[in-house]
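Have a look at the structure below before the remarks.
Nothing in this text is a laboratory measurement; each read-out follows from the coordinates by a stated rule. Computed from a predicted structure; not experimentally measured. When we count neighbours, we look across all protein chains shown, and the Cβ atoms used for this are built from the backbone with ideal geometry, even at glycine.
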Number of protein chains: 2
Amino acid sequence: MTTDALVLDAAAQDLLFREARTANTFTDEPVSDEQVQAIYELVKFGPTAMNQQPLRVVLVRSAEARERLVNHLGEGNKAKTTSAPLTAILAVDNEFHEELPTVFPHFPGAKDYFAGDRDGRVASAAMNGALQAGYFIVGVRAAGLAAGPMTGYDAEGINKEFFADGEHSVLAVVNIGKPGDNAWYPRSPRLAYDEVVTTV
Amino acid sequence: MTTDALVLDAAAQDLLFREARTANTFTDEPVSDEQVQAIYELVKFGPTAMNQQPLRVVLVRSAEARERLVNHLGEGNKAKTTSAPLTAILAVDNEFHEELPTVFPHFPGAKDYFAGDRDGRVASAAMNGALQAGYFIVGVRAAGLAAGPMTGYDAEGINKEFFADGEHSVLAVVNIGKPGDNAWYPRSPRLAYDEVVTTV
């Protein structure tokens, strides 16, 4: 019923939200760099505060890198990550403010605003990076792929292993591919509209 | 070129990302509760860690509530918020863990895991609430509406004004409606694929 209030066609609604699910198994079908680039070129337009773009994506493709990553994952996340066609580390660059003169040129003071406030910068990177991560997951689904985002890992371990500069913080690790056999659990409950939305 | 790698049709890509823009002016056309509910019923399915659903949405509809909100906004955000058809406060409930036995029943210890760690809970609410905010903004666009998310405000002031329990934190304030005259600035630059995505 409420679907009629949307402009997005029903097939796209299903693809992005209704039928898309967090996958725990995948087929062997590879995920190409071209697919990842197409996802990025779409979702890069998602809005953030001051056009901040702290999100960084590390595609873990080599067996050696995958082993280094899996070592930092919780037990329940190891096997599915080892067998996924592609695993992406989503992280934020806490030095994102260096790019503000380029990406937000009409507020020349933006870089300096953040330069002197590391705590504020880290919080802003986390907030806007998570917004971008949400867009990225929608983009994975727009490519006809399933995402399996995980947060069960040793974050400090991943940060040190993959970001030697000490200025990056992992947000999520996401397996990507076509869903395999028994790819998902039954859908867990969502809060009702009236539990989430109020009017004043 | 890269668009061919996506399954989502081009019209939907345009609606959600390519042609959608952060709006600063709006027409007078109202935004109905039915539209907001349709948005929620779609984007509630977006994935989060442990199916956490910390996002709360306050629809600011009365003139009295709008004035209370505008008082806490930065100068540049006041006029456009006063004239928007609808303004929504997106916030997180830092007590979201109370719902985990219902929304994540297969991990009975989830509530207690967060109950003893307020800092971890607040960080988790911020991260997962921002993911949900990203889905919500996509949903606003799916309804054929423009979103104008803002973070220029006195966050503590809004928290106290609208969430008397002290357990909610504002994430963003979002004007919603059909774009009006000169609704947006020229699009600011996005980082190139190679600046964001690396392979290991």
> Cα extents of the protein assembly as shown along the three principal axes, largest first, in whole Å?
Replying inline: 58, 45, 42
> Looking only at the stretch B:146-186, which residues have a backbone nitrogen under 18 Å from a spot 7 Å from the Cα of A:ALA123 in the C-beta direction?
Replying inline: B:150-163, B:166-173
> With chain A treated as a Gaussian network of Cα nodes joined by springs under 10 Å, which of A:GLY139, A:GLY148, A:GLY116 yields the largest mean-square fluctuation?
Replying inline: A:GLY116
> Nm distances between the label at B:ALA192 and the same-position labels in the remaining copies, 7 Å along Cα→Cβ, shortest first?
Replying inline: 5.3
>> Loop only by DSSP, 15 or fewer other Cβ within 10 Å of the Cβ. Give me the chymotrypsin sites (Phe, Trp or Tyr not before Pro) in the stretch B:104-193 that pass, ordered by residue number.
In response: B:TRP184
> Rounded to the nearest 0.05, what FRET efficiency do A:ALA115 and A:ALA10 have when you use their Cβ-Cβ distance and R0 = 45 Å?
Replying inline: 0.45
> Taking H as built 1.01 Å from N, whose amide H comes closer than 5 Å to the amide H of B:HIS168, not counting residues under 5 places away?
Replying inline: B:ASN94
> So what J values fall out for the stretch A:98-108 if you push phi through Karplus, 6.51 cos²θ - 1.76 cosθ + 1.60 with θ = phi - 60°, rounded to Hz, Gly and Pro as x?
Replying inline: 4, 8, 4, x, 7, 8, 9, x, 7, 10, x
> Among the trypsin sites (Lys or Arg not before Pro) within the stretch B:129-200, which fall in a DSSP loop and have no more than 12 other Cβ atoms within 10 Å of their own Cβ?
Replying inline: B:ARG187
> Which whole-Hz couplings ³J(HN,Hα) result when phi for each residue of the stretch A:116-128 is put into the Karplus expression 6.51 cos²θ - 1.76 cosθ + 1.60, θ = phi - 60°, listed in order with x for Gly and Pro?
Replying inline: x, 9, 4, 4, x, 5, 5, 5, 5, 5, 5, 5, 6
> Using Cα pairs under 8 angstrom and six or more residues apart, how large is the relative contact order of chain A, in percent?
Replying inline: 34
> Which ³J(HN,Hα) values in Hz, rounded to whole numbers, follow from the phi angles of the stretch A:17-25 under the Karplus curve 6.51 cos²θ - 1.76 cosθ + 1.60, where θ = phi - 60° and Gly and Pro get x?
Replying inline: 10, 6, 9, 5, 9, 5, 9, 10, 9
> What is the distance in Å between the Cα centres of the stretch B:121-138 and the stretch B:1-37?
Replying inline: 20
> Which GluC sites (Glu not before Pro) in the stretch A:14-56 pass both tests, a DSSP loop state and at most 14 other beta-carbon atoms within 10 Å?
Replying inline: A:GLU19
>> Run the helix sum for chain A: -39,500 (n - 2.57) per DSSP H stretch of 4+ residues, divided by residue count, reported at 222 nm to the nearest 500 deg cm²/dmol.
In response: -11000 deg cm²/dmol
> Can you give the Kirkwood hydrodynamic radius for chain A, in Å, rounded to one decimal and based on Cα pairs?
Replying inline: 18.4
>> Run the count for the protein assembly as shown, please: Lys pairs, Cα-Cα under 22 angstrom, 8 or more apart or on different chains.
In response: 8
> Can you list, shortest first in nanometers, how far B:PHE107 lies from the same residue in the other copies, with each label 7 Å from Cα toward Cβ?
Replying inline: 3.5
>> If you average the C-alpha positions of the stretch A:184-200 and of the stretch A:51-102 separately, how far apart do those two centres end up, in angstrom?
In response: 29
